[in-house]
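K.L.:
I am attaching a structure below and will ask some questions about it afterwards.
The values are calculated or read from the model by the stated rules, or taken from the named source; none is laboratory data. Because the structure is predicted, anything quoted here is derived from the model rather than measured. Ideal geometry is used to build each Cβ from the backbone, glycine not excepted, and the neighbour counts take in all protein chains shown.
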2 protein chains.
Amino acid sequence: MIEEWGARLAGDRALLDRGSTAERVADILRQRITEGVFLPGTRLSEENLREALGISRNTLREAFRLLSHEGLLEHQLNRGVFVRLLSEDDIRDLYAIRRILECGALRNLPSASPADRARVGAAIDAADEAAARGDWPAVGTANMRFHQAIADLAGSRRVAEAVRALLAELRLVFLVVADPRQLHEPYVAANRALADLLAAGDARAAEEALQRYFDDAEAQLLAAYAAAG
Amino acid sequence: MIEEWGARLAGDRALLDRGSTAERVADILRQRITEGVFLPGTRLSEENLREALGISRNTLREAFRLLSHEGLLEHQLNRGVFVRLLSEDDIRDLYAIRRILECGALRNLPSASPADRARVGAAIDAADEAAARGDWPAVGTANMRFHQAIADLAGSRRVAEAVRALLAELRLVFLVVADPRQLHEPYVAANRALADLLAAGDARAAEEALQRYFDDAEAQLLAAYAAAG
DNA sequence: GCATATTTGTCCGTATGTATA
DNA sequence: CTATACATACGGACAAATATG
């Protein structure tokens, strides 16, 4: 069990070359989590990771702190850190705040920069192309870039960062469901329609379409989550 | 310079009695920062604080991490931690995301709980009363509670938490301007009018009033900030 | 329910690298 | 350029909490 990813993480030592050690360790762990190597609910032992990565306990604990604040890890007093396992209420809450942030960003469409508008189209193009290849994980990534691009329309660093963190949390849910096609395919066409409305400058219709997307996606994800977890 | 608050912090040792040590230390430092004991731009030395509080470096660094993520402290690699000093762009960004979050929360008024609605009125009552006493710092606190209550209308833990963090950041700006009356008095009447619209259930008019509030407050704060810093 | 082993929380001392006077 | 001050990272230690038998 431990040996499986123990060997893999040992290979990551080569990547420990730039930036503060704790941040570099956090980068590695973040990647492993989003890849699904450490699934939600998994406990990350200080001792095992310390040995596998060849770093000190204090440094590892700093990395844990960083990821805890990103919402990827959860600290339980005297029990250790666990990969965050989201509840159904968490999913509802994630969609509640995404509704507010992304729709609010959309409303800023008239004053958004041409470059920011272009990125919305680029993301949906990538999703279309990945769907044509049948590469559903890539479709999922492109869909996330699409929503990040929508958030960027707000022209606010904090909005962009908040949505980035929310999408990272949402990825934890996707990892539990673990059927990329079912999760991402249904929304490619809807996103394309939304992007077209944006390109036409019809922010009002785009916002309504985005609201419908959130309603559908939330209901479908909750159903899939209940079935899986 | 160091001795001034060194003696004061030594008295805080008595408060180190409950919860995780790092969190308790973070609580103390957060209070000192919001009180204006440590003004924005101040560097917090590990060694001095460690000695004043009688704790270890590792524990202190964990507390620093907590406050850094809240946006109150800023970590500069190999230089230490500083009380965050916000730029004018930060102020504009804070208002951009507050516009989106608080207006989005307002739009949820119809499905908000009666208890959440009541808290909006309670906050503005407190502001009125403090203004009558001429207690402008208390007016500022009540105004923040008012906006927090608006955010709570969204019924989302993450929205509430995000706005809480944003208001804490904004307090850092107020500390630099340091004229509580000028900062808070102008908005008591406007907030009262807004609360009345909410009580009447007119979410649409309330949202317009809130937008105007943000426009005024942002412009006034930027002017005061440029004059002070 | 109890005793044991494991793991975390906290702290210390030190060595090394980095920025600043 | 040198010296000083400081942050970064390490390893070891012990107490406290938890998990295990």
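K.L.:
Filter the range A:183-207 down to residues that are farther than 20 Å from residue A:111 by Cβ and within 24 Å of the chain's Cα centre (by Cα), then give me how many there are.
P.N.:
Total meeting the criteria: 11.
K.L.:
Here is a follow-up. Assuming residue B:116 fulfils every condition listed in (1) assigned to a loop (DSSP other than H, G, I, E, B); (2) in contact with an Asp or Glu (Cβ under 7 Å, 6 or more places away or on another chain) apart from one, which condition is it?
P.N.:
Unmet condition: (1).
K.L.:
Another question about this same structure. Exactly one condition in (1) away from chain B (no Cβ under 14 Å); (2) among the hydrophobic types (A, V, I, L, M, F, W, C); (3) under 25 Å from residue A:228 (Cβ atoms) is false for residue A:132; which is it?
P.N.:
So the condition that residue A:132 fails would be (3).
K.L.:
Output the residues belonging to the range B:49-67 that are surrounded by fewer than 20 Cβ atoms within 10 Å (Cβ to Cβ) and either under 30 Å from residue B:217 (Cβ atoms) or out of contact with any Asp or Glu (no Cβ under 8 Å at 6 or more places or on another chain) (or both).
P.N.:
Within the range B:49-67, B:50, B:51, B:54, B:55, B:56, B:58, B:59 meet the criteria.
K.L.:
Select, from A:186, A:180, the only residue that is in contact with a helix residue (DSSP H, G or I) (Cβ under 6 Å, 6 or more places away or on another chain), touching a residue at least 12 places away in the same chain (Cβ under 8 Å) and surrounded by fewer than 18 Cβ atoms within 10 Å (Cβ to Cβ).
P.N.:
Exactly one of A:186, A:180 is in contact with a helix residue (DSSP H, G or I) (Cβ under 6 Å, 6 or more places away or on another chain), touching a residue at least 12 places away in the same chain (Cβ under 8 Å) and surrounded by fewer than 18 Cβ atoms within 10 Å (Cβ to Cβ), namely A:180.
K.L.:
Testing residue A:161 on (1) crowded, with 16+ Cβ neighbours inside 10 Å; (2) within 14 Å of another protein chain (Cβ to nearest Cβ), one condition comes back false. Which one is that?
P.N.:
Of the numbered conditions (1) crowded, with 16+ Cβ neighbours inside 10 Å; (2) within 14 Å of another protein chain (Cβ to nearest Cβ), the odd one out for residue A:161 is (1).
K.L.:
Continuing with the same structure: Name, by its number, the condition in (1) within 12 Å of DNA strand D (Cβ to nearest atom); (2) among the hydroxyl-bearing types (Ser, Thr, Tyr); (3) within 14 Å of chain B (Cβ to nearest Cβ) that does not hold for residue A:68.
P.N.:
All conditions are met except number (1).
K.L.:
While we're on this one: If I go through the range A:65-86 residue by residue, how many of them are within 17 Å of residue A:168 (Cα to Cα) and touching a helix residue (DSSP H, G or I) at 6+ places or on another chain (Cβ under 8 Å)?
P.N.:
Count: 13.
K.L.:
Can you find a residue in the range A:128-140 that is within 30 Å of residue B:111 (Cβ to Cβ) and more than 16 Å from DNA strand D (Cβ to nearest atom)?
P.N.:
No, the conditions are met nowhere in the range A:128-140.
K.L.:
Can you name the residue in the range A:30-54 that is among the hydroxyl-bearing types (Ser, Thr, Tyr) and assigned to a loop (DSSP other than H, G, I, E, B) and is also nearest to residue A:72 (Cα to Cα) among such residues?
P.N.:
A:42
K.L.:
Considering only residues of the range B:66-89 that are assigned to a helix (DSSP H, G or I) and away from DNA strand C (no atom under 12 Å from the Cβ), which is farthest from residue A:71 (Cα to Cα)?
P.N.:
In this case the residue turns out to be B:88.
K.L.:
Of B:164, B:145, B:157, which residue is away from DNA strand C (no atom under 16 Å from the Cβ), more than 14 Å from the chain's Cα centre (by Cα), of a type outside the set (S, T, N, Q) and in the same structural domain as residue B:204 (by TED's automatic domain parsing)?
P.N.:
Just a single option satisfies the conditions, and that option is B:157.
K.L.:
Of everything in the range B:76-109, what is free of Cβ contacts under 8 Å to residues at least 24 places away in the same chain and within 9 Å of another protein chain (Cβ to nearest Cβ)? Give them in sequence order.
P.N.:
Passing the criteria: B:77, B:78, B:89, B:93, B:96, B:100.
K.L.:
Return yes when residue B:117 is touching a Pro at 6+ places or on another chain (Cβ under 7 Å), surrounded by 15 or more Cβ atoms within 10 Å (Cβ to Cβ) and more than 13 Å from every other protein chain (Cβ to nearest Cβ) and no when it is not.
P.N.:
Here the answer is no, as residue B:117 does not meet what is asked.
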